[in-house]
Amino acid sequence: MHSPTPDPAESAGSSVREALVAEALAADAALAAAEARRTRAYAALGQYGLTRAAEQRASVRASDMAMREIASEVAAMKHLSDRTVQTHIGRALQLVDDYPTVVDAWEAGALTRAHVRVVTDAGAALPEDRVPEFDALAARLAAELSPGRLRSRLAALAEKLNPTTLTERHQRGRETRCVRVVPGVDGMSDLIATLPTVLAVGIYDRLTLQSRALIDARESGGLPGMSGAAAAGLPAGSAADATAVPSSGPAAAASALDERTTDQLRADILADLLLAAAPVADPTRSGDGPGVLGAIRARVQVVVPALSMLRPDDENLDPAELVGHGPIDAETARSLAASTTVPWDRVITHPISGCVLFTDTYQRSSAIDRHLRARDRRCPWPGCAVPAVRCEVDHTIDWASGGTTRVDNLAHLCQRHHSQKQFTRWKVTQRAGGILEWTSPSGRVYADEPLPYAPAVRFLPDDPSPPDDEPAPF
């Protein structure tokens, strides 16, 4: 056997590709080194300005004239605003002084400007004495992750290093919630709402799902009708919104020409929801009935470590996370866990590597509940007659201790015997078929057998002949 002769054209193409990739990487490294060098140069200018300011009288230092003097000279030569240059100098000073390890990695080409920006944003809330440790750890993480993934990792790291809990800071942050309008140009303005992150992400997700539903319906040609305002992108409440129109005529033609982007649809639907409480521009609406857009709800993915729920004072060590956006406070996580009707998945991970070993859900399915009611029918404490419909479903091995949400680990217990299992020295184990064994503090074992059902099928012996004393029917 012999290896096939490589195609010369393919080999040449591969060499060219590798050379181009190498050139691009070299250019990126050179750009990163140049940006880091520029940052050090601006920081040196700032340090020089601070030194000059320290030599002047206090009133001049207070007005920061020495720094302005330096910034103005650079700005005049580069045809920039002196305020802009002074801002660059301030940021450079912060980077070089607070994040020397990150700047070194940036200069070596291991990081990009985007990585550096993520690091400084994540470390902004840390006290000065925690920044050096954060700098060293952030530089190591940044070299291995994209800026998008780095953001959530650094947010969790910053929480571990912060001496105050996320709940305390979230309570302070909630005081800043507000809605404001920033006037723009061409008759447009920015409507800005400062909200808790979970709410903001949920609102954005619902708008995105609704806009995608509109686009999908538009592309499939399945729109039953669209109001004039929806087709034209007009705000809710306009005359064209008064009634729904059939899927023929001018409005149908307008819907076919609707080329609004997802961003534009998000804005139009938000206006509809705020001004009319339901998406007036919903093309799936017919007559007085609601359309499908109103039924769309937000989806957010939250990871809540069990220990953070049980020990809120240690929430910074392993904070709850709004996936894709960073940590959230424990109180918000507990509220979500208590209020949601969607089953939570428990993820069991390896204690060292963190790899997922298995998952299950704490909440039971309707099928499990039906099975348990049929099997138990009453509280399985010996002699208890409380029916299952008035009992609580209990994990025989507690869910927090590793018990699974399966029929062989669940049983109905009345409130009295559920409390006895939880708060006394009685022990309970479950055998096959839902039989509970109760062990008293003295060591005695009591088993409770579920009530038997009458057999649905009766089997006859192989010889169906009648007894001797009974005459045959023929």
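The values are calculated or read from the model by the stated rules, or taken from the named source; none is laboratory data. Everything numeric here is computed off the predicted structure, so don't read it as measured data. Neighbour counts run over all protein chains shown; Cβ positions are idealised from the backbone, glycine included.
Taking the conditions (1) in contact (Cβ under 8 Å) with a residue 40 or more places away in the chain; (2) in a helix (DSSP H, G or I); (3) of a type in the set (A, V, I, L, M, F, W, C); (4) surrounded by fewer than 21 Cβ atoms within 10 Å (Cβ to Cβ) in turn, Ala114 satisfies each one other than (1).
Restricting the first member to the stretch 412-431 and to residues that are assigned by TED's automatic domain parsing to the domain that holds Gly443 and within 16 Å of Ile397 (Cβ to Cβ), and the second to residues that are among the acidic types (Asp, Glu) and assigned to a strand (DSSP E or B), the beta-carbon pairs closer than 6 Å and six or more apart or on different chains are Leu413/Glu392; Leu413/Asp394; His418/Glu392; His418/Asp394; Thr429/Glu437. Annotation note: Cβ proximity below 7 Å between a residue of the stretch 434-448 that is closer than 25 Å to Leu372 by Cα and modelled with pLDDT of 85 or more and a residue that is assigned to a strand (DSSP E or B) and of a type in the set (Ser, Thr, Tyr) (sequence gap 6+ or interchain) occurs for Glu437/Thr429; Trp438/Tyr446; Val445/Thr439.
Contact map, the stretch 372-387: first residue over 14 Å from Ile435 (Cβ atoms), second residue surrounded by 13 or more Cβ atoms within 10 Å (Cβ to Cβ) and modelled with pLDDT under 85, Cβ cut-off under 8 Å, separation 6 or more or different chains; pairs are Arg373/Ala388; Cys384/Arg378; Ala385/Arg378; Val386/Arg378; Pro387/Arg377; Pro387/Arg378. Of the residues Ser248, Ser227, Ser286, which single one is touching a helix residue (DSSP H, G or I) at 6+ places or on another chain (Cβ under 6 Å) and at pLDDT below 85? Ser227 is the lone residue from the list that is touching a helix residue (DSSP H, G or I) at 6+ places or on another chain (Cβ under 6 Å) and at pLDDT below 85. Based on what the data block shows, is Ser211 out of contact with any Phe, Trp or Tyr (no Cβ under 9 Å at 6 or more places or on another chain), at pLDDT below 80, farther than 30 Å from Gln171 by Cβ and small (Gly, Ala, Ser)? Against the criterion (out of contact with any Phe, Trp or Tyr (no Cβ under 9 Å at 6 or more places or on another chain), at pLDDT below 80, farther than 30 Å from Gln171 by Cβ and small (Gly, Ala, Ser)), Ser211 does not qualify. Tell me, which strands (runs of 3 or more DSSP E) lie completely within the stretch 324-418 with 3 or more residues that are modelled with pLDDT of 85 or more and farther than 30 Å from Thr165 by Cα? Qualifying strands (runs of 3 or more DSSP E): 392-395, 410-413.
I'm told Ser419 meets every condition in (1) surrounded by fewer than 14 Cβ atoms within 10 Å (Cβ to Cβ); (2) within 20 Å of Arg364 (Cβ to Cβ) except one. Can you identify the failing condition by its number? Of the numbered conditions (1) surrounded by fewer than 14 Cβ atoms within 10 Å (Cβ to Cβ); (2) within 20 Å of Arg364 (Cβ to Cβ), the odd one out for Ser419 is (2). Every condition in (1) farther than 22 Å from Lys160 by Cβ; (2) buried (at least 18 other Cβ atoms within 10 Å of the Cβ) holds for Ala44 except the one numbered (2).
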